[in-house]
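The values are calculated or read from the model by the stated rules, or taken from the named source; none is laboratory data. Bear in mind that the values here come from a model prediction, so they are computed numbers and not experimental data. Heads up, the Cβs are rebuilt from the backbone with ideal geometry, glycines too, and the neighbour counts pull from every protein chain shown. Only protein heavy atoms, including side chains, enter the accessible area calculation; ligands, DNA and RNA are left aside. Shrake-Rupley method; radii C 1.70, N 1.55, O 1.52, S 1.80 Å.
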Amino acid sequence: MLRGDGLVALPGTVRARTPEETWEALVECLEDKFGITRVAELTGLDCIGLPVFTAIRPTSRTLSTSQGKGATALLAKVSAVMEAIELWHVEQPLPVAARGPAAEVAPDCPVTVLPLTVPYPERTLAQVVWEWTPGTGLVSGSKRLLPVDLVRRRVQRPEWSPDLLRATSTGLACGNTRDEALLHALFEVAERDVLFQDGQVGGRRRTLITPGTVDDPHGREVVGRLLAAGMALEIALVDGPYGLPVCVAYLWSEDYPVVFAGGGCHTSPAIALTRALTEAAQSRLAAIAGTRDDLPSDPSSFDTPPFRPAPTTGRAPWREATGHFTGAGGGFAEQAGAVAQRIAHVTGHEPVALDLFALDSPVHAVQVVCPGTRSRTRRSMPR
């Protein structure tokens, strides 16, 4: 449904184009441009029935399979393809604007609060020789230099490069437009930082929600499918400093006794919730399919504790827990600017966007780096 601001409202998401338009723009260049040779449906491998697809890139230098989920088969197919295209972009060389230590090349770069493999003293980091790539500050709009190794994976780095920076997918996003990609990248950064902070205090920032009280039509449908499939379901709203709805969801069932988790962030609480729920279902299906490169094949190898149902007392109704959130106005550009300002206010550091745009690409890819934010290093999402 086309909104008054020109955005397309879809079940569980908001985009700049319809999924039909996005697929039409991508389908002719999947293999020749991005190396995607197959797009396969995984939905029928599980009993839940939520659409999940996988996109396969045999010549990938990172993961050769990427999963996607959505309210419909086409949305899930587009999601999987966009995930694969994100990784393709991050595998391409970035422009190198300078080479040298931060103290000389980028004295304003807050190196001590970038994602590090282990903490290092500021004096040490300021003297390390790195290659630097230009980015754009999302508050000031000015040029900002960041180390290329924030994006470049270890196997792609020169032999002389020290292994100090942790390249992650946090803030990596693909969209129909640059602003769409920026907004979703910022949501991901905020979600992972909020969940990291919550994990540091043992989950005390969570408000457990009674699943049956979810009143959003799509959210209610997703909850209903999960419960009808026999899933034990736990959902929570997680309090954070950004004033954005962040949700986490956990699934467990006797037929596959592993706890699967998902997280979501959006200005709309309903979208944040359905992202968390469908991500958990997608993680379960990825494990069932067994095609993802970095997943163990033995269920006992999953880094999750045994499932014990949370107490049913003390849970909040959905509307009561989310009633204080106000919807965001404006298009993607206005929303991305507002979220970037929130993050800068909380962290004291301006978010920086690295444009990964490739020539003739029908979509835009970015990696947003937000110094001062954190994300978990373990695979599992603490419960």
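Whether a residue is within 30 Å of ARG292 (Cα to Cα), in a loop (DSSP other than H, G, I, E, B) and open to solvent by less than 70 Å² (accessible area, probe 1.4 Å) was assessed, and LEU94 passes this test. The set of residues from the stretch 224-241 being assigned to a helix (DSSP H, G or I) and either farther than 24 Å from ARG192 by Cβ or open to solvent by 10 Å² or more (accessible area, probe 1.4 Å) (or both) comprises GLY224, ARG225, LEU227, ALA228. Hey, among GLU104, GLU131, which residue is among the charged types (D, E, K, R), outside any strand (DSSP E or B) and either open to solvent by less than 40 Å² (accessible area, probe 1.4 Å) or over 19 Å from GLY348 (Cα atoms) (or both)? The conditions single out GLU104. How about the stretch 22-57: which of its residues are charged (D, E, K, R) and either on the phi > 0 side of the Ramachandran plot or surrounded by fewer than 14 Cβ atoms within 10 Å (Cβ to Cβ) (or both)? Scanning the stretch 22-57 gives GLU24, GLU28, GLU31, ASP32, ARG38. Looking at PRO121, PRO162, just one residue is of a type outside the set (Asp, Glu) and closer than 21 Å to LEU94 by Cα, and that residue is PRO162. Selection within the stretch 214-223: residues that are in contact (Cβ under 8 Å) with a residue 12 or more places away in the chain and within 24 Å of THR313 (Cβ to Cβ). The member of this set that is surrounded by the fewest Cβ atoms within 10 Å (Cβ to Cβ) is ASP215. In this structure, is THR377 among the polar types (S, T, N, Q) and farther than 21 Å from ALA276 by Cβ? So THR377 fails the test. Among the residues of the stretch 172-180, none qualifies, meaning not one is open to solvent by less than 10 Å² (accessible area, probe 1.4 Å) and among the polar types (S, T, N, Q). Only one of the numbered conditions (1) more than 19 Å from ASP360 (Cβ to Cβ); (2) in contact with a Gly (Cβ under 9 Å, 6 or more places away or on another chain); (3) not in a loop (DSSP other than H, G, I, E, B); (4) not basic (Lys, Arg) is not met by ALA84, and that is (1).
Taken together, ALA316, ALA310, ALA287 contain a single residue that is among the small types (Gly, Ala, Ser), open to solvent by less than 50 Å² (accessible area, probe 1.4 Å), over 22 Å from ALA190 (Cα atoms) and modelled with pLDDT under 70, which is ALA310. The condition of being open to solvent by 50 Å² or more (accessible area, probe 1.4 Å) and more than 17 Å from the chain's Cα centre (by Cα) holds for only one of ARG192, ARG144, ARG153, that being ARG144. Looking across the stretch 203-213, the residues that are touching a residue at least 40 places away in the same chain (Cβ under 8 Å) and assigned to a loop (DSSP other than H, G, I, E, B) come down to GLY203, THR210. Would you check if VAL368 is closer than 27 Å to ASP294 by Cβ, in contact with a helix residue (DSSP H, G or I) (Cβ under 6 Å, 6 or more places away or on another chain) and either open to solvent by less than 60 Å² (accessible area, probe 1.4 Å) or without any contact (Cβ under 8 Å) to a residue 60 or more places away in the chain (or both)? Considered against the rule, which asks whether it is closer than 27 Å to ASP294 by Cβ, in contact with a helix residue (DSSP H, G or I) (Cβ under 6 Å, 6 or more places away or on another chain) and either open to solvent by less than 60 Å² (accessible area, probe 1.4 Å) or without any contact (Cβ under 8 Å) to a residue 60 or more places away in the chain (or both), VAL368 comes out as yes. One residue stands out among those in the stretch 2-21 that are within 16 Å of THR274 (Cβ to Cβ) and in a loop (DSSP other than H, G, I, E, B): the one that is least open to solvent (accessible area, probe 1.4 Å), which is GLY12.
When GLY199 is tested against (1) surrounded by fewer than 20 Cβ atoms within 10 Å (Cβ to Cβ); (2) at pLDDT below 95; (3) outside any helix (DSSP H, G or I), just one condition goes unmet, and that condition is (3). Could you list all residues from the stretch 321-339 that are open to solvent by less than 30 Å² (accessible area, probe 1.4 Å) and not in a loop (DSSP other than H, G, I, E, B)? Selection gives ALA321, THR322, PHE332, GLN335, ALA336, GLY337, VAL339. In the stretch 60-91, of all residues being touching a Ser or Thr at 6+ places or on another chain (Cβ under 6 Å) and open to solvent by 40 Å² or more (accessible area, probe 1.4 Å), the one that is farthest from ALA287 (Cα to Cα) corresponds to GLU83. For the stretch 242-256, a residue qualifies if it is part of a strand (DSSP E or B) and either surrounded by fewer than 24 Cβ atoms within 10 Å (Cβ to Cβ) or not β-branched (Val, Ile, Thr) (or both), and the qualifying residues are CYS247, ALA249, TYR250, LEU251, TRP252, SER253, TYR256.
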